[in-house]
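Where a number appears in this text, it was derived from the coordinates with a stated rule and is not lab data. What you see is a predicted model, and the numbers here were worked out from it, not measured in a lab. No Cβ is skipped: glycine too gets one built from the backbone with ideal geometry, and neighbour counts run over all protein chains shown.
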Amino acid sequence: MHSFGQRANAIVTFSVTLLAVICSLASFSDNFNTPSPSAEVKVSNINWFQKQRNGNDEVSLTLNISADLQSLFTWNTKQVFVFVAAEYETPQNALNQISLWDAIIPAKENAKFWIHTSNKYRFIDQGSSLRGKDYNLTLHWHVMPKTGKMFADKIVMSGYQLPDEYK
Amino acid sequence: MDWPGQKLAEKLMEIFLVVFAAVAFSVGYLIGSFQTMLLIYAAGVLLTALVTVPNWPFFNRHPLNWLDPSEVERHPKPQPAPAPASKKKSSRQK
């Protein structure tokens, strides 16, 4: 009894147990962070807006996205995934969400950004209900921790409207 | 490793690891670096292994003192008393 191997085994199991404990504590400490992110998205141009041959509406936008997400980062944050979605209502569906742009923010230094871009993913409605449509642009984010629980939240920006005619 | 040595090794292991975990978490949290926490803890585990896993001389300071064989010869093992079973039987029959 109490050989070299048994003592080595005991130290490995106990140290891994404690590692799990301190990682849980690290995850728990994220709850003390009260983030105050801000974001603003401007539609600087409607590049084109047309009906596809199959009847779906598609629009191309130029977006001006600025956001300050630095307060989301804690010592336990690995990265933050962020995406802008267009959200609108149609008679068939109460909520349609279309992701227009996304990015991975790897560090706090990159979390205050400003970007001028056309939509990265196509803005297509399955139907032809985009003309004159009121829609929201929502900045969603997922905070990916080094250990533990993932957090997600969003900022909804409303008051956008698509043009009444194709162009 | 003798008996008090085993007890000491186990105690030392638990105390060392708990203290290192507490220090690692506190330092990591205070300077805001997860990596520092892991490095401190890893160093602590290595140090603890080095102290408590090998059979160091200070775990062997209470050797068991076995009796000399000549002592055993002078005090022979007592023989079992012959046939106590018959007595029991008679007492039960009463």
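For region A:1-48, the set of residues classified as among the charged types (D, E, K, R) and either assigned to a helix (DSSP H, G or I) or closer than 20 Å to B:Gly28 by Cβ (or both) consists of A:Arg7, A:Asp30, listed by residue number. Among the criteria (1) surrounded by fewer than 17 Cβ atoms within 10 Å (Cβ to Cβ); (2) in contact with a helix residue (DSSP H, G or I) (Cβ under 9 Å, 6 or more places away or on another chain); (3) free of Cβ contacts under 8 Å to residues at least 60 places away in the same chain, the one A:Ala111 does not fulfil is (1). Residue-level analysis places B:Arg61 among those that are touching a Pro at 6+ places or on another chain (Cβ under 8 Å), surrounded by fewer than 14 Cβ atoms within 10 Å (Cβ to Cβ) and either in contact (Cβ under 8 Å) with a residue 24 or more places away in the chain or not hydrophobic (A, V, I, L, M, F, W, C) (or both).
I'm trying to understand the selection: among the residues of region B:1-35, which are of a type in the set (A, V, I, L, M) and more than 9 Å from chain A (Cβ to nearest Cβ)? Answer for region B:1-35, where residues must be of a type in the set (A, V, I, L, M) and more than 9 Å from chain A (Cβ to nearest Cβ): B:Leu8, B:Leu12, B:Ile15, B:Val19, B:Val23, B:Val27, B:Leu30.
Okay, residues lined up against (1) exposed (fewer than 14 other Cβ atoms within 10 Å of the Cβ); (2) assigned to a helix (DSSP H, G or I); (3) of a type in the set (Ser, Thr, Tyr):
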| position | (1), (2), (3) |
| --- | --- |
| B:Pro4 | yes, yes, no |
| B:Lys11 | yes, yes, no |
| B:Ile15 | yes, yes, no |
| B:Phe20 | no, yes, no |
| B:Phe25 | no, yes, no |
| B:Thr36 | no, yes, yes |
| B:Ile40 | no, yes, no |
| B:Leu47 | yes, yes, no |
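With the structure loaded, tell me whether A:Glu58 is part of a strand (DSSP E or B) and over 21 Å from A:Val156 (Cα atoms) or whether it fails that test. Yes; evaluated as a whole, the condition is true for this residue. Being aromatic (Phe, Trp, Tyr), over 24 Å from A:Thr34 (Cα atoms) and surrounded by fewer than 17 Cβ atoms within 10 Å (Cβ to Cβ) holds for only one residue in A:Tyr121, A:Tyr135, and it is A:Tyr121.
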